[in-house]
Every structure is written in structure tokens, then in C-alpha cells.
Amino acid sequence: MRICDCHTHVGHTYDHMSGRFVSYLPEALLSEMDAAGVDLAVVSNISAIDDPEGANDEMSAWARRYSRLVPLVWATPGSSRPERILEYLGMGFRGVKLHPTAGKYRADCSAVRPVLDVCREAQAPALFHCAADEFSAPALFREVAADYPEVPIILAHMNMFGSAQDAIAVAESLHNVYLDTSWARPERVVEAVRAVGADRVLWGTDAPLGGTGHYLRDRAREHLEQHVSAMEFEAVMWSNAACLFCLE
């Protein structure tokens, strides 16, 4: 069975969780993937928090060099030009990454809509950071997802620092909302599979956050293998990502 991590990063930024600057090179991510038996990784460049276009250009070069890295366009509503996002998608990027918390904008603000218009036109998914704060709480995605039923909207972390049930409830009510397992408690991940179906849950980890041995700290993969069927496990670990991000 092939495995895809649907949520990883490269680049440089100040990590507010650890209180230090971090730097993730593609080689470090690939090394972690090799150690954990991960075939492909969907990647966005966290340098984009400060320089979206420069980081996307860098990500484009890295993706050309490393075929196992599947690039996402980092979009900051209000500053990322829709036509430029569309160009990146035409260059081989497989979706769009939005981080309302880092960008200090609400997930339901009007500036998000031109980005989702591009996703709709390009038939590309949108991976959103989702956390229990004023910018990216699950409830903020209800109207947005309802207004863009053709756009797969992935809620990363299933409401980081908050109740995963809130994110699960949004996915239960909207067919185009998917859930990403990164940093979610393993039992909540299984609960998500039971609630919305294995076809709308994707395994992600935020690799290589924390550095060497990142995948050893992920508990969702082993827990899923023990508590869902083989078919469900394959969907979460590979086929859902393969479908959404057009993987080979």
C-alpha cells in the first residue's frame, strides 16, 4: 500500500509554538519520509507567511527537483493575486494552502472568496489551517463551504487546541468538507472516520515539525490501522489524497 502525508512543510519561519526560528529543507523532509515509509508528501512552503510569492517560486523549484513532493500554492487573501495563484496551479501545483491564523484574517472574510473562485475554476482543493481561535474556528467554514460546494475544503488539524467534534460536525453537514488528521488525537480521528466516512479523512502530520523523528511522534497512523478496516485505512492513508491532489 502506498502512503501519502497530505500536510507537510518546507521553508523557514518563526515557530510561535516552540518560540524559535525553524528551517525545514526538502532533504530533511524526504529523510523523515524514507524512515517512515511515506511515498509522497503534499507540501507548502512556510516561508510564505512572510513572502508568499517568493516562497511559492522556491516551492516550484523544489517540486521540480524532488518528484515525491506535491506542491500547494500558499495564498494570503488580500495580497496573493488570483491570477498568479491560477498560474501556479497551471504550473503543476495541486491545490491551495490558506492559514488564516498566521495571516490574521477570518476564514469567512470576503477576501478569501477570490481565492476559492480560483480553486473552483481550476478544480483544485483548498487546505485550510483550522484551530480554536478567532480566525480559523470550524464554525467559520460553514458558509464558505456551503457557497463553494464544488471546492474540496480540507480542515487541517480538525480544530487544533479545540474540540475535534466541532470540525467533525461541519464535515457531517457539508459534503465538500474533508478532515486532516495532523495533531488530532487518534481516537478523534477514528471518530471522524465513523462520522463522515473514511473517504473524507486524510492522514496528515505537519512533517517535519519538531525535526528528526517527526513520524515517531504521530500516533494516528498506528491507531487507525488497529481500529478501522483495511479498505478504510487505505483510503485515509492514500486514495483520498490521490483523488483530491491528482496523484499518480
* Test each condition in (1) open to solvent by less than 50 Å² (accessible area, probe 1.4 Å); (2) outside any helix (DSSP H, G or I); (3) closer than 21 Å to TYR178 by Cα for SER80 and report the one that comes out false. => (3)
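When you scan the range 176-187, do you find a residue that is farther than 24 Å from LEU40 by Cα, open to solvent by 20 Å² or more (accessible area, probe 1.4 Å) and either touching a residue at least 12 places away in the same chain (Cβ under 8 Å) or not hydroxyl-bearing (Ser, Thr, Tyr) (or both), even just one?
Within the range 176-187, one or more residues are farther than 24 Å from LEU40 by Cα, open to solvent by 20 Å² or more (accessible area, probe 1.4 Å) and either touching a residue at least 12 places away in the same chain (Cβ under 8 Å) or not hydroxyl-bearing (Ser, Thr, Tyr) (or both).
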* To do: Please enumerate the residues belonging to the range 33-50 that are under 13 Å from the mean Cα position of the chain (by Cα) and within 20 Å of LEU202 (Cα to Cα).
  => ALA41, VAL42, VAL43, SER44, ASN45
* To do: Assess whether ARG142 counts as being open to solvent by 50 Å² or more (accessible area, probe 1.4 Å) and either touching a Phe, Trp or Tyr at 6+ places or on another chain (Cβ under 6 Å) or closer than 15 Å to ASP5 by Cα (or both).
  => no
* Quick check: is even one residue across the range 23-33 in contact (Cβ under 8 Å) with a residue 60 or more places away in the chain, open to solvent by less than 20 Å² (accessible area, probe 1.4 Å) and assigned to a helix (DSSP H, G or I)? -> yes
* Restricting attention to the range 39-69, which residues are surrounded by fewer than 23 Cβ atoms within 10 Å (Cβ to Cβ) and either among the aliphatic types (A, V, I, L, M) or touching an Asp or Glu at 6+ places or on another chain (Cβ under 8 Å) (or both)? -> LEU40, SER47, ILE49, ALA55, ALA61, ALA63, ARG68, LEU69
* Does any residue in the range 61-89 that is hydrophobic (A, V, I, L, M, F, W, C) come within less than 7 Å, Cβ to Cβ, of a residue that is part of a loop (DSSP other than H, G, I, E, B) and buried (at least 24 other Cβ atoms within 10 Å of the Cβ) six or more places away or on a different chain, and which pairs are these? -> LEU72/PHE93; LEU72/GLY95; VAL73/PHE93; ILE85/ALA75; LEU89/ALA124
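The values are calculated or read from the model by the stated rules, or taken from the named source; none is laboratory data. This structure is a prediction, so every number in the text was calculated from the model and none was measured. Quick reminder, even Gly has a Cβ in these numbers, built from the backbone with ideal geometry, and neighbours come from all protein chains shown. Surface areas here come from the heavy atoms of the whole protein model, side chains and all, with no ligands, DNA or RNA. Shrake-Rupley method; radii C 1.70, N 1.55, O 1.52, S 1.80 Å.
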